[in-house]
Amino acid sequence: MTYLGDQGDISTGFASAFLLIFFSELGDKTFFIAALLAARNSGVIVFIGTFGALATMSIVSVVLGSTFHYIDDALPFRFGGTDFPIDDFAAVCLLVYFGVTTLLDAASDDGQQSTDEQKEAELAISEFSGDGAGIMAAASTVISTFILVFVAEWGDKSFFSTIALAAASSPLGVIGGALVGHAFATLLAVLGGSFLGTFVSEKVIAYIGGVLFLVFAVVTLIEIFI
């Protein structure tokens, strides 16, 4: 029960997961997939399918991260006479890696990365079959969207960052923050993701995301020694 976290730990896990997921998903391939699908299908149906896939992926990530944590607790690695929290240090390394690579990509990006993400999204939905009216057509669209987004999201940056956070923070807080972050990002995509670039710079979003990865890496590292 202690690993589930007290109120403060849950709040920290929620805030870190929400911020990382939200800024990681803006302008991502799955973001453009949702935006493009919403342009040709019911926004509500696309939101249900997209968020369902992302929520499922978040749950899988949290389970993996929590399992890693429990294994580390059950079979602790001792270094210098003290327990060495492999799960926490692995989370720090993963967050630092994503932070550095995100910042480097942002610094060298001339807008091509966003264009590439959009092209990949267009390619992914080129054979999308969801269309039509009625309950059966709506169900088909939800299922097709779910599968499309789930496959696109597997192994993505947000997938591994959720695993890292769940390994070092309260799983309840992380799953809550991840779900809310995905919900907000998906809602923006469905409501008008294609117009987001008119008001928000992709480079700025990438810089914010990269800095957040590094900030939470430092926070996690500090918590190890407190």
>> Name the single residue that is nearest to the chain's Cα centre (by Cα) among those in region 120-153 being surrounded by fewer than 18 Cβ atoms within 10 Å (Cβ to Cβ), modelled with pLDDT under 70 and not hydrophobic (A, V, I, L, M, F, W, C).
In response: 122
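State which residue is nearest to residue 210 (Cα to Cα) when the search covers only region 19-44 and only residues that are hydroxyl-bearing (Ser, Thr, Tyr) and buried (at least 20 other Cβ atoms within 10 Å of the Cβ).
Taking region 19-44 and keeping what is hydroxyl-bearing (Ser, Thr, Tyr), we get 24, 30, 42.
Of the ones still in play, those that are also buried (at least 20 other Cβ atoms within 10 Å of the Cβ) are 24, 30.
Working: 24: 9, 30: 19 Å.
This residue is 24.
The values are calculated or read from the model by the stated rules, or taken from the named source; none is laboratory data. Only a predicted model underlies this, so the values are computations on that prediction, with no experimental measurement involved. No Cβ is skipped: glycine too gets one built from the backbone with ideal geometry, and neighbour counts run over all protein chains shown.
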